[in-house]
Structures are given as structure tokens and as C-alpha cells.
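A short write-up of the structure that comes next.
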Amino acid sequence: MRRYLCDVCGYIYDERLGDPDGGIAPGTRMEDIPDDWVCPECGATKAAFILITDE
């Protein structure tokens, strides 16, 4: 499972946790989230999220 950072506000989408309030079940991969989903913190589009790497 991966984590993604909202490049606008810093919110982290964790695939393990999903976004239940936004209708995204725990375990949902980023690529499986509908394109019209937005950041629950700032409303940025899905395109604003970048993969967090452990480098």
C-alpha cells in the first residue's frame, strides 16, 4: 500500500485507510479512485497528489 501527498495542502492519502467520508473504502489504490475525487482538506483535484517515496 502506498501513500500520496497533496501538493497543495500537505494532506496524505494512505491507501490502507482510504477516505471513508469521501466514499473511498480502506484499501483503495490511488489509480482506482474516480478522477472526480478531490482532496478532503483543500478540494484539490486527484492530479495534485504525488507519490511519497521512502528515499
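The values are calculated or read from the model by the stated rules, or taken from the named source; none is laboratory data. Predicted, not measured: the structure shown is a model, and the values here were computed from it. As a convention, Cβ positions derive from the backbone with ideal geometry for all residues, glycine included, and neighbour counts pool all protein chains shown. Keep in mind that these areas ignore ligands, DNA and RNA; they rest on the heavy atoms of the full protein, side chains included. Shrake-Rupley method; radii C 1.70, N 1.55, O 1.52, S 1.80 Å.
Quick grid of which residues meet (1) out of contact with any strand residue (DSSP E or B) (no Cβ under 7 Å at 6 or more places or on another chain); (2) on the phi < 0 side of the Ramachandran plot:
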{"residue": "ASP7", "(1), (2)": "no, yes"}
{"residue": "TYR11", "(1), (2)": "yes, yes"}
{"residue": "LEU17", "(1), (2)": "yes, yes"}
{"residue": "GLY23", "(1), (2)": "yes, no"}
{"residue": "PRO34", "(1), (2)": "yes, yes"}
{"residue": "VAL38", "(1), (2)": "no, yes"}
{"residue": "THR45", "(1), (2)": "no, yes"}
{"residue": "LEU51", "(1), (2)": "no, yes"}
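Inspect all residues belonging to the stretch 1-8 and state whether any of them is part of a helix (DSSP H, G or I) and open to solvent by less than 90 Å² (accessible area, probe 1.4 Å).
no
List every residue pair whose Cβ atoms sit under 7 Å apart, with the two residues 6 or more apart in sequence or on different chains, where the first one lies in the stretch 33-55 and is part of a loop (DSSP other than H, G, I, E, B) and the second, anywhere, is open to solvent by 80 Å² or more (accessible area, probe 1.4 Å).
Hits for this filter: CYS39/VAL8; PRO40/ASP21; CYS42/VAL8; ALA44/VAL8; ILE52/ARG3.
Filter the stretch 18-37 down to residues that are of a type outside the set (Lys, Arg) and either under 14 Å from ILE50 (Cα atoms) or surrounded by 15 or more Cβ atoms within 10 Å (Cβ to Cβ) (or both), then give me how many there are.
8
Hey, can you tell me all the residues within the stretch 38-52 that are loosely packed, with under 12 Cβ neighbours inside 10 Å and of a type in the set (A, V, I, L, M)?
ALA47, ILE50, LEU51
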